[in-house]
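Structure, as structure tokens:
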Amino acid sequence: MTPIQGRRLAQLLMRRAILRHRPATARRAVRRLPIMEVVRALMRLSIREREQLFQLLGPEDAARLIRAIPHAESAELFGYLTPEEAAELLGAFKTRQQAEFMRELDGPTAKRIMAKMATQQAERLHLLDRYRGNSAGGLMDLEPIAFLKGQRVGDILKELVAIKEQRAAQFKFYLYVVDKVGRLLGVVSILRLLGESVETLVDDLLVAPTSVGPELEARKLAVMFHETGYFSLPVVDAQGVLIGAVYQEAVSEQMIETAESDALKTQGIIGEELRAMPLMVRSRRRLA
């Protein structure tokens with residue numbers, strides 16, 4: 001199938017789904033066709049058709065479509081949704097991605113969506129919102145694996161087993177050791193722990209941390225990851241308190257997204273066509 005054929009088929013399926021009110025047909029278009037051809041087809045639908053399409057798609061498929069569009073433009077697509085629908089859809093994204101979307105919305109719209117989110121998640125978004133999206137603070141994980149100094153390896157391993165299923169993605173990285181006020185003291189590889197006696201104090205295994213401030217931009221972070229070979233870096237505030245960890249994967253995704261955004265704008269896929277949509281006006285109506 002050529003790109004043009006894919007785009008035409010996507011448009012056909014989308015319009016058929018809208019006319020016949022068939023969510024399954026809308027989902028089939030998003031799931032089975034090349035995602036960028038689906039995006040191009042979406043841009044050729046009328047404003048009303050786009051709104052109807054997003055109402056047919058569930059959170060998972062809407063999220064897949066939104067992921068293919070740079071945040072500055074895709075955030076506006078939340079204007080098709082009620083605050084409750086937008087909050088549910090945001091749940092399909094990582095916290096830092098949620099924060100990036102929220103930064104692109106006008107203040108009142110963002111507040112109405114935040115009001116429909118769980119309290120803990122809303123608090124996490126407020127914290128990330130302090131920093132630019134392409135900075136360590138904007139990209140960081142707010143819950144790095146950290147333990148207090150003075151703990152024994154055996155006790156730490158027991159705690160790690162308890163959280164492994166929820167935090168499995170971090171287990172190839174490191175854990176951090178802090179004092180009672182949260183200041184970062186050092187870092188230790190999880191693999192290193194596995195080779196030590198259960199009676200060993202974690203304090204004896206620490207390596208001096210290479211930390212970054214929350215304002216450090218993604219490009220400089222990418223250079224640091226390349227030079228050090230680390231998978232993650234702890235993020236500390238001005239007092240040295242651990243506030244998060246930024247992962248190489250998150251920085252790479254940010255760099256790729258920026259490059260893709262520039263490429264899409266160069267190709268004319270987004271930009272004037274999408275910005276011409278009066279979504280902020282419609283957002284204020286739908287989210288009121």
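The values are calculated or read from the model by the stated rules, or taken from the named source; none is laboratory data. Here the structure is a predicted model, which means the values were calculated and not measured. Every residue, glycine as well, gets a Cβ built from its backbone with ideal geometry; the counts of neighbours run over all protein chains shown.
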Which pairs have Cβ atoms under 9 Å, sit 6 or more apart or on different chains, and link a residue in region 105-132 that is surrounded by fewer than 14 Cβ atoms within 10 Å (Cβ to Cβ) to one that is not small (G, A, S) and not in a helix (DSSP H, G or I)?
P108/L287; R130/P214
Among the candidates E88, E49, single out the residue that is over 30 Å from V236 (Cβ atoms), under 18 Å from the mean Cα position of the chain (by Cα) and surrounded by fewer than 19 Cβ atoms within 10 Å (Cβ to Cβ).
E88
Among the residues of region 206-252, how many are of a type outside the set (A, V, I, L, M, F, W, C) and assigned to a helix (DSSP H, G or I)?
8
Being polar (S, T, N, Q), over 20 Å from R96 (Cα atoms) and either at pLDDT 90 or above or out of contact with any Phe, Trp or Tyr (no Cβ under 6 Å at 6 or more places or on another chain) (or both): is that true of T258 here?
no
Any chance region 17-31 includes a residue that's farther than 26 Å from P83 by Cα and surrounded by 19 or more Cβ atoms within 10 Å (Cβ to Cβ)?
no
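Residues are listed down the side, and each one gets a yes or a no for (1) at pLDDT 80 or above; (2) more than 23 Å from A62 (Cα to Cα); (3) not in a loop (DSSP other than H, G, I, E, B); (4) not hydroxyl-bearing (S, T, Y):
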| residue | (1), (2), (3), (4) |
| --- | --- |
| R103 | no, no, yes, yes |
| T109 | yes, no, yes, no |
| I113 | yes, no, yes, yes |
| M117 | yes, no, no, yes |
| Q120 | no, yes, yes, yes |
| E123 | no, yes, yes, yes |
| L127 | no, yes, yes, yes |
| Y131 | yes, yes, no, no |
| G137 | yes, yes, yes, yes |
Counted residues in region 104-149 being under 19 Å from E253 (Cα atoms), among the hydrophobic types (A, V, I, L, M, F, W, C) and in contact with a strand residue (DSSP E or B) (Cβ under 7 Å, 6 or more places away or on another chain) come to 4
Give me the residue from region 141-162 that is assigned to a loop (DSSP other than H, G, I, E, B) and at pLDDT below 90 and, out of that set, surrounded by the fewest Cβ atoms within 10 Å (Cβ to Cβ).
E143
